[in-house]
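Remarks on the structure that follows.
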Amino acid sequence: MDIAIIGASGYTGGELIRLLLSHSRASVVCATSRKLAGKPVTSVHPHLGGFTDLSFSNPAVDAIDADAVFLAVPHTAAMKYAGDLVDRGIKTVDLSADYRLPKEVYETIYEVPHTRYFTAPYGLPELHRDEITGASFIANPGCFPTGAILAAAPLASRARTIIFDSKTGVSGAGVNPTATTHYPNVGDNFIAYKWTTHRHVAEMRMEISRLGSAAKCYFTPHLVPANRGILTTAHVLLDEPIEQEEAEALYRSWYGDEFFVRLQKPSLATVRGSNFCDMAVECEGTRVVVVSAIDNLVKGASGQAIQNLNLMTGCRETDGLTGVPLVP
Ligand SMILES: NC(=O)c1ccc[n+]([C@@H]2O[C@H](COP(=O)([O-])OP(=O)(O)OC[C@H]3O[C@@H](n4cnc5c(N)ncnc54)[C@H](OP(=O)(O)O)[C@@H]3O)[C@@H](O)[C@H]2O)c1
């Protein structure tokens with residue numbers, strides 16, 4: 001498959017190129033950047049030196065010649081490309097938020113009109129594999145929702161309240177630095193931000209309710225001095241207490257056959273660079289604590305996007321995604 005990446009100079013774009021190098025059926029033929037058109041991809045992704053001689057380009061969307069496209073651009077930019085790609089029958093995975101939510105919810109939460117809306121499967125394969133398989137367009141989930149929803153899903157239908165407390169590395173904010181992500185604010189520091197207002201809570205609520213749950217769902221993110229990774233502590237408050245053995249059996253029944261979910265003590269280091277979501281569960285009467293860890297740029301973005309493309313195109317689901325995490 002010939003692959004085009006729109007937004008290839010950013011963090012998730014670079015990660016798509018890195019991961020696709022080991023895909024057996026995909027090769028990147030087009031990597032776009034408006035600012036860097038004509039420059040080698042390695043000018044901003046020097047870790048790919050020796051692996052690619054591709055240069056950035058900036059073609060019009062109707063000049064993109066590829067079997068599949070990843071939209072690795074900010075929200076509102078993706079909706080400018082998505083409709084035309086779908087019209088041309090090009091399999092597309094959108095890493096932005098533009099197609100994850102119902103239109104009215106999107107417009108309220110993101111405070112922008114949606115100019116080219118259609119519905120798309122929510123690309124969390126462990127929960128929506130049937131809808132994703134063979135689809136032509138997928139809305140790839142947000143990074144925080146991926147780790148949070150996977151952690152709470154098995155217990156969601158029994159829960160009355162779910163509180164997600166997440167810690168993220170700085171690459172979650174993208175390649176352009178801001179005052180919040182500037183080194184003096186991040187190094188040797190630890191902050192909570194958007195304590196009650198982070199946009200990703202809408203995705204969490206949507207998916208938790210799709211699981212047949214009426215649970216109230218809350219989310220607070222924190223920024224930690226790490227480049228990659230999201231550790232989420234989900235406090236799941238139940239109506240009835242659950243025993244440790246029963247909870248562990250429940251998680252094994254949901255995820256025992258899932259290659260990318262490992263039921264083991266989570267940490268940022270043990271998933272770094274990989275498409276794994278590690279999680280473990282501990283019960284205290286009606287409170288269950290589930291902790292999950294993902295790499296925000298892999299299972300939280302580019303890796304999951306490739307997992308989705310594999311399902312959309314009949315490739316092996318793990319193709320390009322079997323790299324072992326980097327520890328220490
Ligand atoms: N970072 C994460 O952990 C993460 C996780 C999950 C989802 N996401 C989502 O994935 C998308 C990409 O994130 P990122 O972190 O890779 O962002 P990023 O590092 O800021 O990169 C964004 C890329 O999009 C390009 N771009 C920006 N506006 C564009 C436009 N109007 N048309 C075409 N290209 C445009 C930029 O390139 P030029 O300016 O050179 O053209 C840049 O290459 C975002 O929607 C983000 O919310 C990110």
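The values are calculated or read from the model by the stated rules, or taken from the named source; none is laboratory data. Every value quoted in this text rests on a predicted model; they were computed, and no experiment measured them. Heads up, the Cβs are rebuilt from the backbone with ideal geometry, glycines too, and the neighbour counts pull from every protein chain shown. SASA here: full protein model, heavy atoms, side chains in, ligands and nucleic acids out. Shrake-Rupley method; radii C 1.70, N 1.55, O 1.52, S 1.80 Å.
Worth a mention:
- For Lys103, a cut-off of 16 angstrom between C-alpha atoms picks up these lysines, skipping any fewer than 8 places away in its own chain: Lys80.
- Largest first, the extents of the alpha carbon coordinates of the range 144-296 on the three principal axes equal 45, 30, 25 Å.
- Compactness of the chain was expressed as the Cα radius of gyration divided by 2.2 N^0.38 Å, which yields 0.96.
- Peptide ranges 103-110, 268-275 listed from the most packed, as the mean C-beta count within 10 angstrom indicates: 268-275, 103-110
- Per residue, the chain exposes 43 Å² of accessible surface when a 1.4 Å probe is rolled over the protein heavy atoms with every protein chain present.
- In the range 95-206, a dipole from Cβ-located charges (positive for Lys and Arg, negative for Asp and Glu) runs towards its positive end, and of Pro113, Ile163, Thr197 it is Ile163 whose Cα lies farthest in that direction.
- Computed in the context of the full set of protein chains, the accessible area of the chain at 1.4 Å probe radius has 52% of its extent on carbon or sulfur.
- Among Pro177, Pro221, Pro102, the largest mean-square fluctuation in a Gaussian network model of the chain (Cα springs under 10 Å) belongs to Pro177.
- Here the Gaussian network model covers the chain, with springs between Cα atoms less than 10 Å apart; of Ala249, Ala151, Ala293, Ala249 fluctuates the most.
- Working note: 222 nm ellipticity from helices only, DSSP H runs with n ≥ 4, each -39,500 (n - 2.57), summed and divided by the residues of the chain, gives -7000 deg cm²/dmol to the nearest 500.
- The aspartates and glutamates within cross-link reach of Lys194, meaning a Cα-to-Cα straight distance under 15 Å and a gap of 8 or more places when in the same chain, are Asp165.
- Segment Ala77-Glu104, extension gain: residue separation times 0.36 nm, minus the distance between their alpha carbons: 7.9 nm
- Distance between the range 132-176 and the range 9-47 - C-alpha centres, whole angstrom: 25
- Looking at the chain alone, DSSP beta bridges between its own residues are antiparallel in about 50 percent of cases.
- Cβ-derived FRET efficiency at R0 41 Å, Ala179 paired with Leu21, nearest 0.05: 0.75
- Just checking the listed ones, Asp62, Asp84, Asp278: in the Gaussian network model of the chain with Cα springs under 10 Å, the one fluctuating most is Asp62.
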